[in-house]
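Since the structure comes first, as structure tokens, the remarks are kept for the end.
The values are calculated or read from the model by the stated rules, or taken from the named source; none is laboratory data. All values reported here derive from a predicted model rather than from experimental measurement. All Cβ positions, glycine included, derive from the backbone under ideal geometry; neighbour counts span all protein chains shown. Remember, those area values only see protein heavy atoms, side chains included, never the ligands or the DNA or RNA. Shrake-Rupley method; radii C 1.70, N 1.55, O 1.52, S 1.80 Å.
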2 protein chains.
Amino acid sequence: MKESHSFHMTPEEFRYHGKKVIDWIADYYEKIESFPVLSPVEPGEIRSQLPNDPPLKGEEFSSILKDMESVILPGVTHWQSPNFFAFFPANASGPSILGDLLSSGLGVQGMIWATSPACTEVETHVLDWLVEIMALPRAFKSESTGGGVIQDTASSAALSAILSAREKIAGFSANKSGVVDKLVAYTSSQTHSSVEKGVKIAGIGADNLRAISVDSTFAMDPQALKQQIKKDKEDGTTPFFVCATIGTTSSNAIDPIKKIGEICKEEGLWLHVDAAMSGTAALCPEFQHLHEGLHLADSYCFNPHKWMFTNFDCNCFFVADRSILIKTMSILPEYLKNKATESGAVIDYRDWHVPLGRRFRALKLWFVLRYYGVEGLQYHIREHVRLAQEFASWIEGSNEFELVVRPPLNLICFRHIAGDEFNRKLMESLNSSGKLYLTHTMLNDIFVLRFSIGQTNTEKKHVERAWELIKTTAKKL
Amino acid sequence: MKESHSFHMTPEEFRYHGKKVIDWIADYYEKIESFPVLSPVEPGEIRSQLPNDPPLKGEEFSSILKDMESVILPGVTHWQSPNFFAFFPANASGPSILGDLLSSGLGVQGMIWATSPACTEVETHVLDWLVEIMALPRAFKSESTGGGVIQDTASSAALSAILSAREKIAGFSANKSGVVDKLVAYTSSQTHSSVEKGVKIAGIGADNLRAISVDSTFAMDPQALKQQIKKDKEDGTTPFFVCATIGTTSSNAIDPIKKIGEICKEEGLWLHVDAAMSGTAALCPEFQHLHEGLHLADSYCFNPHKWMFTNFDCNCFFVADRSILIKTMSILPEYLKNKATESGAVIDYRDWHVPLGRRFRALKLWFVLRYYGVEGLQYHIREHVRLAQEFASWIEGSNEFELVVRPPLNLICFRHIAGDEFNRKLMESLNSSGKLYLTHTMLNDIFVLRFSIGQTNTEKKHVERAWELIKTTAKKL
């Protein structure tokens, strides 16, 4: 029983239980392949095991931890399994988990520089490092006109870009008096839904988002963009924002950033580049060509929480001109005023995104970069791409399966030649086997299987086994 | 040296280093009072210790961990110190830190039910528990018309409320074609800056946010609200949203929710209630009267990451009618379609907030509720309020200091009678002593010291020592 004068866990108790939790996680990774990758539970099955009434008396920590095994694990879809090939990876790693644990332990709130200078300065420093490593435009460095900030997701980064663009085109009047002009934004028909959500949130309206047509690789057609902008201008509306994608969600298509960027410069539009998963590839010089033309972008983001072994949430958002972002997001109530902010010598990241509060997320990113080194990260990224290309070659060598599009990196879009219904059944059969998890998309109105390789512990044997299972399952159907 | 064929940390290495990190955190809490509460570093001091060039080769984990002590700690403002009385608390606890660690370890991404049913169902269940424990309106329960969701911050919750209100009043046309009507929102002059930020983001414009005057307790004056709404309607604009606060940031003022709610019902306005810190008090029946009238609210939020021993980020956002929120935020691209979503039998939390991705934040909240039990949480909340009231009585008994407003809960607003300049110097002198950290605000154009009691390990002796230090420092000035 806990002492009656305090219900807190003491540091000594924390040592004891904390080490049990560390062991629990290590055990989990050791046996992760024994679980069905996609949770097989029915809706309501997990809740039905939880007591209806809230706990009035405290419980021993050990009995809470026990429920992780019996109640929680059956309801977990194992994103960290090496047999997880669904959606995009959201990979984690030891150094990242431990960096994040230290962030929870310190419990600092880095809304402004003064509330924990290290929280701000490590973030700025590490994001500057990424500009160097990934050969991003120099304007994105904090010593230049721009800078980087960690946001939760690419959705929030897209929203921040849309708002900055909205304020820039309107001379900051929308923040003041609301959206009045008819603004028009552009993406390709393959762009992530977050841009539509952002445009709605910003008060611009989904009707004013144009879906530009794509070429045979599902990349945005710059000529179609140019024509649409021209048409919209003739119609008296105000084009203001383009989102281009390096590695679309559906099929990993690479929009031609340089051509799109030139059009944006010419027409005075904000260019945001979303490289949520694929940006990480730029850690390797041989993939940096995917970023060609990025110096023409006003903002850019990628997610170390997807493919860079840094557990969710960690989106790196860069801008070429920080003054616009800050002016768009800035607030300064009396209770947050302080000398450091007034001196102008510091960054207050609260003015770089929607939330005010923020945790010390830079720690996990700093830990990952130092633990792996650029060399280690490059090794694993290359390995994932190599495995994906090998998988693609198996598809090409098969009589029953076909590639739907040539994979530029680590996502393979393929299908069985037997048609949509067969592929849908194949996917369901594979996923319900528990041995792997993959998802689908539609490309040119055709049902396509997506096979995404990027989990931390995915090795050749997992990809080989998956391919065998796919073939034998197709035969049985 | 790490093996050349993999740069990953193995489960065995994770066991070893993880336990070192657990010890590091336990040590930190044991010696936390030996650090200056407010970091004394100068701008740039932390960065100057970081190597300019990014790490090309990986490092041993132990050498990274060493830098936590030498590089990071000097740049940390110790939010978890029992001598932290600044801003609001952002308290953490052992069970919360360990729940969060398990969330990082599992590394699941709960954007939709299917991507980890437990992530969604535990969240729904625990938020339903909170409705019971805190005696919140039944409409906020998932089995009713509403429900709860964990967001990162009260800023994001306010934005979600503003957007829902905007869509409701406009018949969901702003999402479609943009903001066109002149919409008007209302807060008190004391409301948190997040509402202004949300109104800007939503494309409504800060000029269309009315700051309603307050009474002598700094609570919103309902009559002034009613008159302003009338005037705005006469001017041809469309009032649509009111944010009332239970416990304002400046002075912990409690807006009269019932009266404001009646006006909102009468006029057809959305009422959002922000109880970011003070909502937690409703764990105790004797403080539930502060929520009187909450059944008239359309949305409500409070932050367990402020005063409920759950480390950042954890904002609980409730709505009375979830269909409006979901319709406002909903997206459904092909690659996220799945049977569970189509069946309508599950919650997909991606449609309850701005980001798409989300971590398993409910774990830490579940752990806190079970470890403390309602009884344990009540004990500590009552203790904080009792200490604050005692501190207030010392101020009242003093000849040199005065209360600026009667403290309803755990935040004391006071000042030395010697005027603004003296109080500013007093605050700076106290904070640079390193022995405590408090902040200020302006109330009726007067500089006021804020003393917020709510850190996990703050006990009577800390408050007593702080009072002694405040008195002796004032004498010396």
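Counting every alpha-carbon pair across region B:367-476, the share separated by more than 18 Å comes to 50%. Dipole of chain B computed with +1 at Lys/Arg Cβ and -1 at Asp/Glu Cβ about the Cα centre; of B:Pro117, B:Ile64, B:Ala90, farthest Cα towards the positive end is B:Pro117. Across peptide A:65-71, the mean count of Cβ atoms from other chains lying within 10 Å of each residue's own Cβ comes to 3. Please work out the C-alpha center-to-center distance from region B:433-459 to region B:337-368 and express it in whole Å. Region B:433-459 and region B:337-368 have Cα centres spaced 37 Å from each other. Relative protection proxy for A:60-69, B:193-202, from highest mean packing down: B:193-202, A:60-69 (other beta-carbon atoms within 10 angstrom). Once both labels are positioned 7 Å from their Cα atoms along Cα-to-Cβ, the gap between B:Arg138 and A:Tyr16 label points is 4.3 nm. The mean of 1/r over all distinct Cα pairs in region B:305-435, once inverted, gives the Kirkwood hydrodynamic radius of 19.6 Å.
Buried accessible area between A and B (1.4 Å probe, both chains summed, ligands and nucleic acids excluded), in Å² to the nearest 100?
14000
What's the average, rounded to a whole number, of partner chain beta-carbon atoms within 10 Å of each residue's beta-carbon in B:146-157?
Other-chain Cβ atoms within 10 Å of each residue's Cβ, averaged: 3.
Modelled label positions at A:Lys230 and B:Lys66, each set 7 Å beyond Cα in the direction of Cβ, lie 6.4 nm from each other. FRET efficiency for the pair B:Gln288 and A:Trp24, taken as 1/(1 + (r/R0)^6) with r the Cβ-Cβ distance and R0 = 30 Å, rounds to 0.20. The rotation axis that maps chain A onto chain B passes nearest to the beta carbon of this chain A residue, listed with its distance in whole angstrom: A:Gly203, 1.
Ordering B:Trp467, B:Phe447, B:Cys413 by the projection of their Cα atoms onto the charge dipole of region B:406-477, which places +1 on the Cβ of Lys and Arg and -1 on the Cβ of Asp and Glu, puts B:Trp467 at the extreme positive end. For the protein assembly as shown, DSSP calls about 60 percent of its internal beta bridges antiparallel. By DSSP, the beta bridges lying fully in chain A are antiparallel in about 60 percent of cases. Its residue count N sets the reference 2.2 N^0.38 Å, and the alpha-carbon radius of gyration of region A:53-114 equals 1.60 times that reference. Counting Cα-Cα pairs of the protein assembly as shown in 10 Å increments starting at 0 gives whole-percent bin shares of 2, 12, 22, 26, 22, 11, 3, 1, 0, 0. Residues B:Phe172, A:Phe87, sorted by accessible area with the largest first, give B:Phe172, A:Phe87 [1.4 Å probe; ligands and nucleic acids excluded]. The other copies place their B:Glu69 label points at 3.5 nm from this one, listed shortest first, where each point is 7 Å from Cα along Cα→Cβ. In vacuum, with every alpha carbon of region A:421-477 counted as one equal point scatterer, what does the Debye formula give for log10 I(q)/I(0) at q = 0.21 Å⁻¹? Two decimals, please. One equal scatterer on each Cα of region A:421-477 leads to -0.84. Annotation for A:Arg465 and A:Asp420: the two label points, set 7 Å from Cα along the Cα-Cβ direction, are 3.4 nm apart. With kT/(6 pi eta Rh) evaluated at 25 °C and eta = 0.890 mPa s, and Rh the Kirkwood radius from Cα pairs, chain B diffuses with a coefficient of 101 µm²/s according to Stokes-Einstein. The mean number of partner chain beta-carbon atoms within 10 angstrom of a residue's beta-carbon across peptide B:164-176 is 2.
Distances from A:Glu286 to itself in the other copies, using label points 7 Å out along the Cα-Cβ axis, amount to 7.1 nm in increasing order. The helix-based estimate of mean residue ellipticity at 222 nm for chain B, built from -39,500 (n - 2.57) per DSSP H run of four or more residues and divided by its residue count, is -13000 deg cm²/dmol to the nearest 500. Between copies, the label points of B:Lys176, set 7 Å from Cα on the Cα→Cβ line, lie 3.2 nm apart, reported in increasing order to one decimal in nanometres. Placing +1 on each Lys and Arg Cβ and -1 on each Asp and Glu Cβ, with no other charges, gives region B:181-300 a dipole about its Cα centre of roughly 160 debye. Once all protein chains are placed together, B:Glu266 keeps about 120 Å² accessible to a 1.4 angstrom probe. Using equal-weight Cα scatterers in the Debye expression, the normalised intensity of region A:108-359 in log10 at q = 0.08, 0.12, 0.15 Å⁻¹ is -0.29, -0.66, -1.03.
Ranking A:His462, B:His192 from most to least accessible surface, computed with a 1.4 Å probe over the protein chains only, gives B:His192, A:His462.
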